[in-house]
Every structure is written in structure tokens, then in C-alpha cells.
1. Which of the residues belonging to the range 202-251 are within 21 Å of residue 285 (Cα to Cα), in a helix (DSSP H, G or I) and touching a strand residue (DSSP E or B) at 6+ places or on another chain (Cβ under 8 Å)?
2. Could you count how many residues in the range 292-317 are under 17 Å from residue 277 (Cβ atoms) and either more than 24 Å from the chain's Cα centre (by Cα) or surrounded by 17 or more Cβ atoms within 10 Å (Cβ to Cβ) (or both)?
3. So which helices (runs of 4 or more DSSP H) are wholly in the range 269-370 and hold at least 1 residues that are closer than 18 Å to residue 194 by Cα, in contact (Cβ under 8 Å) with a residue 60 or more places away in the chain and more than 15 Å from the ligand (Cβ to nearest atom)?
4. Just to be sure, is residue 284 modelled with pLDDT of 95 or more, closer than 22 Å to residue 27 by Cβ and touching a helix residue (DSSP H, G or I) at 6+ places or on another chain (Cβ under 7 Å)?
5. Among the residues of the range 8-19, how many are more than 8 Å from the ligand (Cβ to nearest atom) and either over 12 Å from the mean Cα position of the chain (by Cα) or over 24 Å from residue 368 (Cα atoms) (or both)?
Ligand code: GMT
């Protein structure tokens, strides 16, 4: 099959997921044609004979305050559909990709599949600035998928989608994100824990809650360390808070890193305290690495994390609760191993490429056969 794929190429889990999927489809002999404004980060430096990148050209013009990206994207979808005889276009993150795909289909007849990822439904998608056109563009798709049951329900409710939405979970490469040996620290040595948090530092992630939690942990387990990996709008504010709480010794801000699998192998647990989240990749990556997770009981997280089985769930906006769970794991190496093994098992059972890619192919086949 020849599949056009549109996503945000540089930021966010939706782009990472779309790229992972494209590479897996290519490995199975399909053609993956990325139609994006930049080469997706996750395939930079990787060449594959079935992966192609078509860059959207947004023409600057003095008249424009906001260059019309949706039209440029729709035009490139049209061009690629014609030149490469695409069977379908799969867009990840509805805004504005679904609208561009709808426009392109009007001209070429090329069907499109929309995968809903998160704020394209829960935050931006349901804002009145986007709602009407976003809902129409999603509703008109030849198939709609969502990355969690939570998100599908939100789309029915907030966007008023009437069409069936198929839930297909996110996935990780379980060979890349695998348990130790760690190259730097021996994970089971007798010491306080190393906690990892990986995100794009957007307000929704509430990174500062983890810093507050760490200030509580530091009093009881002075050897515990927190690694904050990533970059984004709240990074500087977070740094200032770390200084104010005098936690420079305990918290390391690494910035953006390309060696996340190894950082996870050198950690003892993963923390995520978002106020909403549809299906976080960072949890899957931590769990695949054999780590227990401490995460907020919001959105689609309880579909992945079973409290007390493969990690712990805590209420949102509650640093004391995060600290308490970190301390529980800090004091009990056996508990860490048990939850970590269960976490890895959860991923192998439900969230690997082998379990998930076929579910997308089934959707494509249905769409193409009409
Ligand atoms: O929706 C967003 O906020 C951005 C989006 C992204 O591109 O990273 O994140 C969403 O999609 C990811 C990939 O499916 C999920 O891992 C995230 O949970 C989800 N974010 C939210 O729901 C806030």
C-alpha cells in the first residue's frame, strides 16, 4: 500500500508515534510518504527505501500575518496523491491536518484516516475557535482512530462525533526500550532512587509538582535524585523553582536528549503528573524499560497503569501523594522489581509494534476496499 502520513515533525508524541508507524509500515513493504513541513526528527539520519519525505512549501508574502499552512499542506497532499498514486492519507493530530486532508480529498478522491491524539480533542479541538471546522473535518474522515478509550469518549462528547472511533493504543519499540544492564549506574545497588521525568515541559505536564514532591523526598531520602529530561515553555520557570527550593544537588535538568533509552535504564522509576493525558508515550517507554511508574489518575492513564500492579496512580495536583509513592518505592527494592517486571509484561502484551501496527493496517484495508 502507498500511505501518505502527516504529523507534526518536530514536537510531541503524536509525531513520534506517526514516525514509528511509518517506519514499521515501510519495513513491512508498504510505502510511507511523510507530508510535513520538516523531515520528522525521529527519522533524521535514517534512510529506508520505502520511506519518502515531501516537504510542504509555505510561501511567505507580505500580506500575510499568518501564512495559510492548511492550504499549502492540502496542496502538497494533492500533489503527492497524484504523483505517487497514494491509496490513502493518514493524519496524526486533527488540527489542521484533517482539514487539509478533507480539502485534498475533495480534489483527488484520496481517502483519509484521522488519528486523534490529545489536545486536538480535549483542549484546542473543542475550543470554539476551532470546534466547527475541526469536528467537520474529523467527522468526514473515511476512518477515525483514537489512542485511548478516554480520548474516543471525549471526541464523541466534546466534538460531537457521530461516526465510530476505533481505539488503537500507542506503541513502543520494546527492544530499544528494554531493561538494564545500565551502562552508568548499577540499578540494584543499595542507594536511594533515581527518578526520571521526560516531557515537553508544557503547562499540562505540571513539572513543578514533581519538583515540590522532590523537596519532600529530599528531606527523608537525601540521596534520591530526579532527572528532568526534555525542554519546553516551562523549563526556565522550573529551573527557578529548583533554585528557590535549593534542590540543585537533587535535581538534574538534562535538556533534550537523544539517548532516552539509556537514561531510563539508569533510572529506578518514572514520574508523570500531567493534569490530562490521553496515552503517554513516556509511561510506555519507562514501563518497557522495566520501570514502575508513578502517574496521575487522569485521562487515559488508568488504561495503562494498574494501581499497585505495574505502578501507582496518584491524584493530580498533589505533590505530597507523588512524594509518598516515591518514598514507598525508594524503601522497597523488591516492590520496585515486582512492579517493574509487571510493567514490562503489560507493554509486551499490549503495546509493542507487533501488536499495534496490524490494527492500523486493518483500518487501511477497510478504507481502501470501500
Ligand atoms: O495533544 C497534545 O497535547 C500533543 C500530543 C503530542 O503531539 O504530543 O500529545 C498527545 O498525543 C501523544 C501521542 O499519542 C500522547 O502520548 C499524549 O498523551 C497526548 N497528550 C495529551 O493528551 C495532553
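1. 205, 207, 210
2. Number of matching residues: 17.
3. Counting at least 1 such residues, we get 319-330, 333-350.
4. The answer is yes for residue 284.
5. Residues flagged as more than 8 Å from the ligand (Cβ to nearest atom) and either over 12 Å from the mean Cα position of the chain (by Cα) or over 24 Å from residue 368 (Cα atoms) (or both) within the range 8-19 amount to 2.
Condition check ((1) away from the ligand (no atom under 16 Å from the Cβ); (2) free of Cβ contacts under 8 Å to residues at least 24 places away in the same chain; (3) more than 29 Å from residue 277 (Cβ to Cβ)) across all residues:
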residue: 24; (1), (2), (3): no, no, no
residue: 31; (1), (2), (3): yes, no, yes
residue: 35; (1), (2), (3): yes, no, no
residue: 42; (1), (2), (3): no, no, no
residue: 50; (1), (2), (3): yes, no, yes
residue: 54; (1), (2), (3): yes, no, yes
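The values are calculated or read from the model by the stated rules, or taken from the named source; none is laboratory data. A quick note: this is a predicted structure, and the numbers were derived from the prediction, not measured. Neighbour counts run over all protein chains shown; Cβ positions are idealised from the backbone, glycine included.
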